[in-house]
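Okay, so here's the structure we're looking at.
The values are calculated or read from the model by the stated rules, or taken from the named source; none is laboratory data. Keep in mind it's a predicted model, so treat the numbers as computed, not measured. So basically every Cβ, Gly included, is an ideal-geometry build from the backbone, and we count neighbours across all protein chains shown.
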Number of protein chains: 4
Amino acid sequence: MTLQRPLGVALIGYAFMGRAHSNAWRQVSAAFDVPAFERRVIVGRDPELVAEAAGRLGWAEWATDWRTVLERDDIDIVDICTPGNLHAEIAIAALAAGKHVLVEKPLANTLAEAEEMADAAAVAERDGIRSMVGFNYRRVPALALARRLVAEGRVGDIRQVRVSYLQDWLTDADAPMSWRLRRETAGSGALGDLASHAVDQLQFLLGEPVTRVSATTNTFVPTRPGPHGIEAVTVDDAVWATLSFGSGAMGSLEVSRVATGQKNALSVELYGSAGALRFDLEQINELWFLDATEPIETQGFRRILVTEPEHPYVDAWWPQGHVLGWEHSFVHELRDLLVGIADGTPVRPSFAEGLSVQRVLAAIVASADDAGRTVDIASINSEESP
Amino acid sequence: MTLQRPLGVALIGYAFMGRAHSNAWRQVSAAFDVPAFERRVIVGRDPELVAEAAGRLGWAEWATDWRTVLERDDIDIVDICTPGNLHAEIAIAALAAGKHVLVEKPLANTLAEAEEMADAAAVAERDGIRSMVGFNYRRVPALALARRLVAEGRVGDIRQVRVSYLQDWLTDADAPMSWRLRRETAGSGALGDLASHAVDQLQFLLGEPVTRVSATTNTFVPTRPGPHGIEAVTVDDAVWATLSFGSGAMGSLEVSRVATGQKNALSVELYGSAGALRFDLEQINELWFLDATEPIETQGFRRILVTEPEHPYVDAWWPQGHVLGWEHSFVHELRDLLVGIADGTPVRPSFAEGLSVQRVLAAIVASADDAGRTVDIASINSEESP
Amino acid sequence: MTLQRPLGVALIGYAFMGRAHSNAWRQVSAAFDVPAFERRVIVGRDPELVAEAAGRLGWAEWATDWRTVLERDDIDIVDICTPGNLHAEIAIAALAAGKHVLVEKPLANTLAEAEEMADAAAVAERDGIRSMVGFNYRRVPALALARRLVAEGRVGDIRQVRVSYLQDWLTDADAPMSWRLRRETAGSGALGDLASHAVDQLQFLLGEPVTRVSATTNTFVPTRPGPHGIEAVTVDDAVWATLSFGSGAMGSLEVSRVATGQKNALSVELYGSAGALRFDLEQINELWFLDATEPIETQGFRRILVTEPEHPYVDAWWPQGHVLGWEHSFVHELRDLLVGIADGTPVRPSFAEGLSVQRVLAAIVASADDAGRTVDIASINSEESP
Amino acid sequence: MTLQRPLGVALIGYAFMGRAHSNAWRQVSAAFDVPAFERRVIVGRDPELVAEAAGRLGWAEWATDWRTVLERDDIDIVDICTPGNLHAEIAIAALAAGKHVLVEKPLANTLAEAEEMADAAAVAERDGIRSMVGFNYRRVPALALARRLVAEGRVGDIRQVRVSYLQDWLTDADAPMSWRLRRETAGSGALGDLASHAVDQLQFLLGEPVTRVSATTNTFVPTRPGPHGIEAVTVDDAVWATLSFGSGAMGSLEVSRVATGQKNALSVELYGSAGALRFDLEQINELWFLDATEPIETQGFRRILVTEPEHPYVDAWWPQGHVLGWEHSFVHELRDLLVGIADGTPVRPSFAEGLSVQRVLAAIVASADDAGRTVDIASINSEESP
């Protein structure tokens, strides 16, 4: 693709994720060699709030109607940070309009929507239109390094994996009801919010999809004070699953919003025939690696401070040992999206990969609804799944 | 009970656990105020080896026939460190002979045996005969402190619990076949060896039994070189289970012998409405406690070095900060057994508690055999279980 | 001060620190409520490089002559990121021209220059002109929280302090000679680069200046390959000092560039009559606090993840548990500078505080030159010091 | 030496160290192949207390007069655990009587005594009489492994070393006066108690003696309540020193008894041209090793859990991952002493090595008394030193 003019970017949404993406759009061209782009417009429903956001977050214009924005010729990239129930409609329309699309995770709230989105992306891909789902943790340097080491065979054949994502913001049983705790608005609880990251991360690191799950979910605090009195919480607080992969690898997944004292603890462990890896998002700059081919005498998990120029993405930033934060993963995501657009090559995670995560989430629900019985991912059918 | 003369102790078994118990018998009266006892006899099948063990481990005599030893009037306590398939026969005979009994964990290899043992212990208890199953980790000071904090309400109502016990000694796929990897001799793999500790620990810390499980097991290395060629491994390498408790607490259990780089990593996490606790056996002197009632500004997991006189069992040992090891938990176990005998009070973990662990293990097998379907512990029947 | 128009900012320097400051100028108004400003001009000697930097780092214009820039009426703030030997000349001229000044640390290469700068800043202050020296680590949230806890008395009377700043980029004895290793260009080695941070941090946390030092310095690799053959390294690789404070507190300082495997390890420990604090820059989001007024049974260093809205500066960023990086400390620095300018209140660290650090560094040199003999800071005289 | 009968052991002292040594004497022959010995007699001044100790700690007899014990033909080894001011007299007499001698650290309270002891040991050595000073930390498996790695060149040429030993038992300013805080009884404070361990450890690990020191000492709590009113503390609470070695290595030493929250934190760090090592006594089973010859991408400090059969001393104990405690270092010490006696080979640390530590401590005092001025160890003269 020959870029005649700067790419035009539209961002839809200005809440938490809109802020995080805006930050990344402000940062990416200072750190990386990317094609020129302009932050043209931010879109939101409330005119006053979106106007304020445009000024604060650095967008040239603001708008309230995303459909109108999709019609603009000067918009090349649509970055979707809305609640999940709007992802499908906007993304499909944007792809149809020939825009490259980045959509926040999870891909959609329902499996049917996710399938439509993946289909639309596959069609658009033939015309050189790129699409990406925002599982940003793939671009945490330590996790990108982990993937590199796995691909190089440094851990051998992976056997046992463990992933957990623990938070505690629902620990207080008196915390009030909100839209996030109602199934009709949020789709699910920790499942869509946290388990989606966990599943994508495992599939990314192993390079293969989950094939079977056995799962259980629970709502520890079943009612909470709502605006009109006590109300039932209709989403999960926590999810447990045992996962199988086609290679024979197996593992556990556990996510929670009531893990008291755990703030944002995404933990990943991989145990292979030749080594092992461990990571914790609260210490985002560190990867722990054990090389089992070394003599026992000096074998041990080594703490790699992933802040050196030799590490993925890091040479764009600061000298050795100067740590990065959570937000940098979004900058790296945009870097790869922009380079893909410029190079005319597909970007990842694709919508198909996002759909793959949704299938696993649907299988988790199906298994949990059937008392934990093991469910084949292949059997998951969008007509029966939420 | 008036102790007219030193208690006579017989130890049956001289392998790993026989060594660990011998060590504890040598140590306990130097550290603690306990009734007088004598290490009278160690019993084993091989005369040469048991004779050598007697000298090295500090037993006055040795014998090869445990039945004869049970007939001796000068034996008051029988400490059973044999393989699990002999536990029931010896323990029941010893109790019938009026001896106090300590039996290594797990209580037995089959549920039926465990039930008989618990029955025998209940009968003997009426005559003041004490029985204890050797879940020694209850007496690790940090875990005893954890139980104390739970009992005092420092973590509030426990909701989510996590326990894992990871080892790596089967990581090498070329490691040879052994009796530990055959179902007929070992009963099970990581399940009986590691999950039994994990289950007892959770039931101890929560003060209530598991009520339901959903589980999966796997053998990652399905064949190994045996003396007569390649042989099938017939026990599990790893187990995953989701556990429910009557109080509403839920949690995960994961044990493995192929977790590369993990040497002896029993990890326990408890998340409650008022706080949280974390422990790792590889850092046996530390307990991590978070008090969620403190202001957020200074809230955090604190590392308690459990080496102060204020901590359970510790004042018997060294001054502040002088760390203890794995073996000390056995010394504490004997201390409590001996004090229970002297005081005429029951000791714990009782055989009934050991049986409770066996029921959970049987339920795990039942669930795994039924594709992970949730199983009620109450439904476990010794006639159908291994 | 009534701000009639956006403040105009000029940045002088575009190397490592110029990049870090540019990043902060791009970020600060998205995160914080600060007076409006414009990134007007970046200044550097090489026209081609500074032009490229202007585009990449987000400055409206570029220039090669800082004197001309100081004459511009549309420049209100001058941010000096040049090598240290230019700090004094530029800062004094800028203050004389009525510009607010931010100068990177250390304040200057010589004590005499630092004194002149402090004098100039004091004069300018009377006219409402603000000046700040860029000891950015004061604005790491964890260290800002540490200062808050000290000020609130949570550690009681501070007695013993420990600070070390360890790096390893000179470990390789074959690494080539550079201007950083020659006294005439760099002034000193680890002393000015690392010890300056360490000293400022201690004086900040304790709220009082160092009064006496006993010190030693060393160059472990005394020669290195230069462009014209082997050349003598004329700056220090490492510095050790024992520090005393007027309150009676005492402590150690140790900095190094040959601490193999340590990438950017600024470690601070404070031990007081009522508690203790620990911090490590490689885990920048964590502060360890021990409250010695709690019962021994549950006393321990707690790991505070300093990522909550209750923590200094954090509410401007992301939700709970989303970690920040090294660069955020510069954003916070600018926030406080801009607010000070808007409010008409002095900002810190002042040039006087920067001078205070220089005096301690000079005393370290004096002591090291006199075989470690203790030197009073009060005796340090700019006429005799480097 | 042909051992005709079991070696007879006498222990002098029954307080903390007497207990720790008794424990080791009870343990050593169960764990290691050592010549036969008998715990014949324990000696103490108070008949009632020593009689009780004999029973509890496992000694056949007790006595109150060490001189009489030295005359006994059935005593071959004298283990001296008295206060330091008695070390010289007893040890010299025991060596003269042809007994092998183990003396607790530090070797003596004064340099003159230490010199006499080293002389006596050298004379006795010619007759095959062994002597050892009890710097037990050399036999912590992790530190023995550290020494092995240094000797094998795994860290290259050692440049910078750091050792600290921090405790907090004097943090409370109202804690009463005791003999340990008076110079006439204790000799010194943290210096003799903690710095002696630290110095020996460095000299052991580097394999060479300290050659120069610059030091400072301080008493943070200068008065304490005594039996007859407020009394001056006449020993140090904390010591700081910069140390030089003949090889060019340099480092820092810091010890304290007022480091709030630090219970028994002996920390050692070695930075060399090819790698680095770190150790902390509170996590006694771990050694951290960085191999700087590996590619940067996967370089990092690895945590070696020093609990494998391949590690020093460990194969005598439990299977993989079963951690040891503080007390095991004494068992290892006795093992090496007994093997040395049986083999007729010298044992270490020798009295000469103990003397070497004393010289460094004396140099620290001399430097601190001279405002931190650097002192050559070679200049230390027992006639002028305490």
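Quick check on this structure: which one of B:Ser188, B:Ser178 is modelled with pLDDT under 95 and either crowded, with 22+ Cβ neighbours inside 10 Å or closer than 30 Å to A:Asp236 by Cβ (or both)?
Answer to the selection: B:Ser188.
Among (1) surrounded by fewer than 23 Cβ atoms within 10 Å (Cβ to Cβ); (2) more than 14 Å from chain A (Cβ to nearest Cβ); (3) within 30 Å of B:Ala292 (Cβ to Cβ); (4) among the hydroxyl-bearing types (Ser, Thr, Tyr), which single condition is C:Thr234 missing?
(3)
Among (1) away from chain A (no Cβ under 14 Å); (2) assigned to a helix (DSSP H, G or I); (3) among the acidic types (Asp, Glu), where does C:Glu254 come up short?
(2)
Would you confirm whether any residue within the stretch C:215-228 is under 27 Å from D:Phe220 (Cβ atoms) and either touching a Phe, Trp or Tyr at 6+ places or on another chain (Cβ under 6 Å) or aromatic (Phe, Trp, Tyr) (or both)?
yes
Return the residues of the stretch B:125-149 that are crowded, with 23+ Cβ neighbours inside 10 Å and either without any contact (Cβ under 8 Å) to a residue 12 or more places away in the chain or polar (S, T, N, Q) (or both); say none if nothing qualifies.
B:Ser131, B:Asn136 - these are the residues of the stretch B:125-149 that are crowded, with 23+ Cβ neighbours inside 10 Å and either without any contact (Cβ under 8 Å) to a residue 12 or more places away in the chain or polar (S, T, N, Q) (or both).
Which residue, of D:Trp326, D:Trp317, is touching a residue at least 24 places away in the same chain (Cβ under 8 Å) and more than 22 Å from the chain's Cα centre (by Cα)?
D:Trp317
List every residue pair whose Cβ atoms sit under 7 Å apart, with the two residues 6 or more apart in sequence or on different chains, where the first one lies in the stretch D:334-361 and is closer than 23 Å to D:Ser244 by Cβ and the second, anywhere, is aromatic (Phe, Trp, Tyr).
Pairs that qualify, where the first residue is closer than 23 Å to D:Ser244 by Cβ and the partner is aromatic (Phe, Trp, Tyr), are D:Pro349/D:Phe135.
D:Asp291 is checked against (1) in contact (Cβ under 8 Å) with a residue 60 or more places away in the chain; (2) out of contact with any strand residue (DSSP E or B) (no Cβ under 8 Å at 6 or more places or on another chain); (3) crowded, with 20+ Cβ neighbours inside 10 Å and fails just one. What number does that condition carry?
(2)
If I filter the stretch B:284-294 for residues that are under 24 Å from D:Ala24 (Cα atoms), of a type in the set (S, T, N, Q) and more than 22 Å from the chain's Cα centre (by Cα), do I get at least one hit?
no
Please return the ranges of helices (runs of 4 or more DSSP H) entirely within the stretch C:89-189 where 3 or more residues are of a type outside the set (S, T, N, Q) and not assigned by TED's automatic domain parsing to the domain that holds C:Leu277.
Hits in the stretch C:89-189: C:111-126.
Please work out which one of (1) within 13 Å of another protein chain (Cβ to nearest Cβ); (2) within 20 Å of B:Thr171 (Cα to Cα); (3) assigned to a strand (DSSP E or B); (4) not β-branched (Val, Ile, Thr) is the condition B:Leu243 fails and give its number.
All conditions pass for B:Leu243, except number (2).
Given the residues B:Val347, B:Val357, B:Val306, which is the only one that is in contact with a helix residue (DSSP H, G or I) (Cβ under 6 Å, 6 or more places away or on another chain) and surrounded by fewer than 23 Cβ atoms within 10 Å (Cβ to Cβ)?
It is B:Val347.
Only residues that are of a type outside the set (S, T, N, Q) and in a strand (DSSP E or B): list them for the stretch C:207-223, please.
If the condition is that a residue be of a type outside the set (S, T, N, Q) and in a strand (DSSP E or B), then C:Val210, C:Arg212, C:Val213, C:Ala215 are the ones that fit.
Listed residues B:Val34, B:Val43, B:Val78; which is in the same structural domain as B:Asp119 (by TED's automatic domain parsing), more than 21 Å from the chain's Cα centre (by Cα) and over 15 Å from B:Phe330 (Cβ atoms)?
Only one candidate passes the filter, namely B:Val43.
Checking the condition touching a His at 6+ places or on another chain (Cβ under 9 Å) and of a type outside the set (Ser, Thr, Tyr), which residue from D:Ile364, D:Ile341 passes?
Testing whether each residue is touching a His at 6+ places or on another chain (Cβ under 9 Å) and of a type outside the set (Ser, Thr, Tyr) leaves just D:Ile341.
For B:Ala122, all conditions in the list (1) at pLDDT 95 or above; (2) within 22 Å of the chain's Cα centre (by Cα); (3) crowded, with 22+ Cβ neighbours inside 10 Å; (4) of a type outside the set (D, E, K, R) hold save one; what is the number of the exception?
Result: B:Ala122 fails condition (3) only.
For A:Tyr271, state whether it is buried (at least 20 other Cβ atoms within 10 Å of the Cβ) and within 14 Å of chain C (Cβ to nearest Cβ).
No.
Suppose we filter the stretch D:367-382 for residues that are in contact (Cβ under 8 Å) with a residue 60 or more places away in the chain and of a type outside the set (Lys, Arg); how many remain?
So the answer is 10.
Looking at the stretch C:150-175, which of its residues are crowded, with 22+ Cβ neighbours inside 10 Å and either over 27 Å from A:Thr307 (Cβ atoms) or among the β-branched types (Val, Ile, Thr) (or both)?
Selection gives C:Val155, C:Ile158, C:Arg159, C:Gln160, C:Val161, C:Val163, C:Thr171.
Could you grab me the full set of residues in the stretch D:1-54 that are more than 14 Å from chain B (Cβ to nearest Cβ), closer than 20 Å to D:His87 by Cβ and in a helix (DSSP H, G or I)?
D:Val50
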